[in-house]
Amino acid sequence: MEEETRPPHRGLKKGLYLIPTAFTAANIAMGFLAVLSSVRAFQLIAVNADQAAVYFGYAAKAIVFAIIFDTLDGRVARMTRTSTEIGVQLDSLADVLTFGIAPTVLIYSWAIGATLDESTSLHNLGVFVLFMYLMCGTFRLARFNLQGSRPRVLSEGTPKVDKKNFVGLPIPPAAGLLASIVYLHPLPLSVFNENLSNIYTVLMITLMAVLGLLMVSTIRYTSFKTAGTGRQSIYLVLFIAALGMLIWLFPQYMLFGIALAYVAHGIIWYLFSLTRPRKRSVEVGESN
C-alpha cells in the first residue's frame with residue numbers, strides 16, 4: 001500500500017492565508033456599517049439630533065476600528081508569510097470603501113448636508129471637495145501599489161523598498177482624523193446657530209481639501225513597519241500599553257490627538273527639511 005506523500009501541515013498552511021483575509025473582511029464590514037450609520041443619522045437630524053449623534057458616533061467608531069483591522073491584516077500577512085497579490089488588491093479596494101467613501105458620506109451627513117442648503121454655491125463646493133478627497137485617496141492607493149511592485153532604484157542600481165516612510169499621507173490616517181473629529185463632537189453641526197455652523201462647515205471643507213492634497217503630495221510619513229523589530233522593543237511594548245490605557249480612559253481626546261499628530265508630523269518634518277542646508281552634488285566627470 002502506497003503511503004501518501006502530502007506535505008505535513010499543508011492544511012494548516014492553507015488556513016493561515018485566511019487570517020489576513022478575515023481582517024480585510026472586517027475592514028470592509030466596518031466601512032459598510034459606517035456608511036449605513038451615517039445615512040441613518042442624516043435621516044434623524046431633523047427629528048432628533050441627539051439620536052442622530054448616536055449614529056454619527058457609531059460611524060466614527062467603525063472607521064477607527066477599520067484602521068485597526070487594516071493595520072493588523074498587513075502585519076499578520078508579513079508575520080505568517082501569507083501575502084498574496086489578490087490580498088493586496090482586496091486590501092486596496094477595502095480602503096477605498098472604508099477610508100474613502102465612508103468618511104465622505106460621514107462628513108457630508110454630519111456637516112455639509114446638515115448645515116448648507118443644496119441650492120447654495122457653498123454646498124456645491126463642499127460636494128466637489130468631498131469628491132476630490134475621494135479621488136486623491138484612490139490615487140494615493142494606486143500609487144502605493146505601484147511603488148510596492150516597482151521598488152525605487154538606488155544610485156548603485158540595486159532596487160530597494162523604503163519601509164520606513166510612506167510617500168504622501170496614507171488614506172487611513174486621513175480618514176481617522178475626520179472620524180476622530182466627529183467622535184469628539186458627534187452632534188451634527190446644525191445644532192449651532194447658522195453663522196457658527198457655516199463657519200465650522202467651511203473649516204471642515206478646508207480640512208478635507210488639505211488632506212486630499214497631502215495624500216497626493218510627496219511629503220514623507222513614518223510607516224512604523226520596522227517598529228518593534230530592534231532591541232528597544234520592550235520600550236515600544238510599554239509605550240503601546242500606556243497609550244492603550246490613555247485611549248481607554250480618554251478615547252475622544254486621545255484618538256483626535258493621535259490622528260492630528262500623525263497628520264501634522266509629516267508637514268513639520270517637511271518644513272524642517274527645507275531649513276536644513278543641502279549637500280552640494282559633485283558633477284560626474286568634473287576636472288580637478
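Mind ranking 175-184, 29-38, 189-198, 123-132 by how tightly packed they are, going by the mean number of other C-beta atoms within 10 angstrom, highest first?
The peptides rank, most packed first, as 175-184, 29-38, 123-132, 189-198.
Determine, from the Cβ-Cβ distance of T218 and S92 and an R0 of 22 Å, the FRET efficiency 1/(1 + (r/R0)^6), rounded to the nearest 0.05.
After rounding to 0.05, the efficiency reads 0.65.
Modelling each spin label as a point 7 Å along the Cα-to-Cβ direction, I'd like the E118/L196 distance in nm, to one decimal.
Label-label distance for E118 and L196, simple model: 2.8 nm.
Classify segment 236-279 as rounded, prolate or oblate, taking a ≥ b ≥ c as the square roots of the eigenvalues of its Cα gyration tensor: rounded when a/c is under 1.5, otherwise prolate if a/b is larger than b/c and oblate if not.
Because a/c hits 1.5 or more and a/b fails to exceed b/c, segment 236-279 counts as oblate.
With each label point set 7 Å from Cα along the Cα-Cβ vector, what nm distance links A22 and S273?
3.9 nm
Every number here is computed from the coordinates shown, using simple stated rules; none is lab data. Quick caveat, the model's predicted, so the values are computed rather than measured. Here the Cβ is made from the backbone with ideal geometry for all residues, glycine too, and neighbour counts use every protein chain on show.
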